[in-house]
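The values are calculated or read from the model by the stated rules, or taken from the named source; none is laboratory data. Since this is a predicted model, take the numbers as computed values, not measurements. Please note: Cβ atoms are built from the backbone with ideal geometry, for glycine as well, and neighbour counts cover all protein chains shown. Heads up: the accessible areas ignore ligands, DNA and RNA and are worked out on the full protein's heavy atoms, side chains in. Shrake-Rupley method; radii C 1.70, N 1.55, O 1.52, S 1.80 Å.
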Amino acid sequence: MSVAALLAVGALVLAGCTVPTAEGDDGKTGEKFQVRDPSGPALVLDSTDPAELALTASQAFFHASPIAVIASADDVDARATAAATGAAVTAPVLLTDGGVSDTNVVAELERLGAGTVVVVGDEQAVADVGPAAGDAEVVRFDPGALSAAAEAAASAGKGGAGTGDAGKDGAGTGDAGTKEDAKVELPTADRLHAADLAGLRADIPDVSDPELLQEILVAVDPKPGQEAAIGTALAAGAVPVEVPGGDVAAHAGTVETIRALKPLGVVGIGAEFGAAEDLGWQVAVATSGATLPDGSLQLFPGRYVSTSYTVPAGIADPAADAVRAVDAAATNGELLGGSPLVTVTASVRSSAPGEDGDYVDEQPLELLTPAVEAIRDAGQIVLLDVAPGVQPLAAQLDDLEPLLTKPGVGVSVHPEFRVAGNGAESGSVPVAELQEVVDRLARIATAQGLPQIMLEVHQSTAASVVDRSELRIPSQVAVVFTAAGPAAGQATAGGVWADVANDLPAHAVLGWSAPSEVPADATSILPTEPLLGLVSAG
């Protein structure tokens, strides 16, 4: 992916803040040093080629630098050393022998205004770099040993330079001896001996008191091949936060760290961080402080048990009446082994078109709101159950959006109730119609800094969502396909379960309908394969 394309992705707004670029002067020559605030509040550098990843990092974090560090992408030790060197001397790190040509490296050095290039390695390494240094002055840097900090990390088995992976490793291409999921140490300056660095600094321009980035976070789950890009981020002043698996919301400690840092922007290094929009949402919700009732940001893994509730007509105090549903949900949760969840009827099918012609009767928002708030106050998840009628599924969310902007409130839909019209046949919807609901909920979560929103899709046949497997599920939304029972109070039939559970979209979760009579040992009736995320207890 080109840098222009990468920089165009981060179009979210995090607190509406921008960070000014920071600069300084090379104390020896007056050449400029200037870091840059990566475009947008969220950016993901996702190239899997180490040299290309290093180049995009240099372009993302630096406007100008009198110095650059270069190493071979094929040499694992040189990569790690170069990354730590860049962090130590506040210089971007570039790699040769990868997916970037020497011409591209020279062009980047010229863009940076780098008159000095530090080449990591022996004399042969300097000779091999050759044309990639362009007209820049070459300074060789070949430290003899790791620092005590690096050796301690290596001896603890954490990986990184000095762990026995010296030499050619294919730079993360899957060659023998390379582990794609191996972890490497952060390439911080303390991985190099102070004496080695002092000798190097005597041979290169001195950037006097450089102004570095402030309150920019770099999210990493360090893998082989990412060292140079991470070293460049650290050189620019970005604050590193390790995010195992690239999933901010899945780790309470990571969330607390980000909440304490309150970053103005975030850059993820590695494809595991997904799209910039997803990373931006995870950081936004981490800093917003909004959580689900149990304090988490994600709904799954886990299991929920739902209880249905309708605000009675003419009720004077919906909040007080909703306590009945809260108590029933708690009982069902204990009986069936899951967190309580209440499905609140927001609309029902109608045999008449009504004034708006949609064949749906909606409950007034002024009745739903106090009931929903009472359930949320009790620490339970809420799903607003909507009937589609003749309108697309997403049309039913318009009037409910004030409730959907509250943490822990989701939606339950019924594609099989769809009335023919507006691009759908009776009893089914195209996947694009369900995708519109997913995307709408994702936008709400992103805009409001909300934790994950649940979308339950009731099905007695998988065919009720045409081309269902093509549904794209972003991290902001948890989609549950619930295999319906044949009638109220009846369990999901085996054939229906097998059908609905087959060929699910990626990241989808399954739900199952429980019978009215539940045995003392509820586990005896619950399906075990695939993973069950929701039990509809009625």
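Proximity of backbone amide H atoms, modeled 1.01 Å from N, is registered between Val477 and Ile453 at under 5 Å, excluding neighbours fewer than 5 places apart on the same chain. The residue list Val413, Thr446, Gly427 was ranked by how far each Cα lies along the charge dipole of the range 401-521 toward its positive end, using unit charges on Cβ atoms, and Thr446 comes out on top.
The amide H of Glu211, built 1.01 Å from its N in the peptide plane, has Glu23, Gly24 as neighbours under 5 Å, considering only residues 5 or more places off or on other chains.
Percent of Cα pairs in the chain per distance bin of 20 Å, from zero to the largest separation: 21, 42, 26, 11, 0. The order of Thr232, Thr287 by accessible area, most exposed first and with a 1.4 Å probe, is Thr287, Thr232.
Under 5 Å from the amide H of Val429 lie the amide H atoms of Val465, Val466, each residue being 5 or more positions distant or on a separate chain, with H modelled from the backbone and absent for Pro and chain starts. Taken about its Cα centre, the chain carries a charge dipole of roughly 760 debye when the Cβ of each Lys and Arg holds +1 and the Cβ of each Asp and Glu holds -1. Straightening the chain between Val138 and Gln490 buys 119.0 nm, computed as 0.36 nm per residue apart minus the Cα-Cα spacing.
Here's the picture: charge each Lys and Arg Cβ at +1 and each Asp and Glu Cβ at -1 in the chain, and of Phe62, Val535, Ser475 the one pushed furthest to the positive end of that dipole is Val535. Of Val118, Ile375, Ala498, which is farthest along the charge dipole of the chain in the positive direction, counting Lys and Arg as +1 and Asp and Glu as -1 at C-beta? The Cα lying farthest towards the positive end belongs to Ile375. The charge dipole of the range 434-538, taken about its Cα centre with unit charges on the Cβ of Lys, Arg, Asp and Glu (plus for the first two, minus for the last two), comes to roughly 300 debye.
For the chain, the solvent-accessible area with a 1.4 angstrom probe is 39 square angstrom per residue.
For the range 399-506, the fraction of 1.4 Å probe accessible surface lying on carbon and sulfur atoms is 50 percent.
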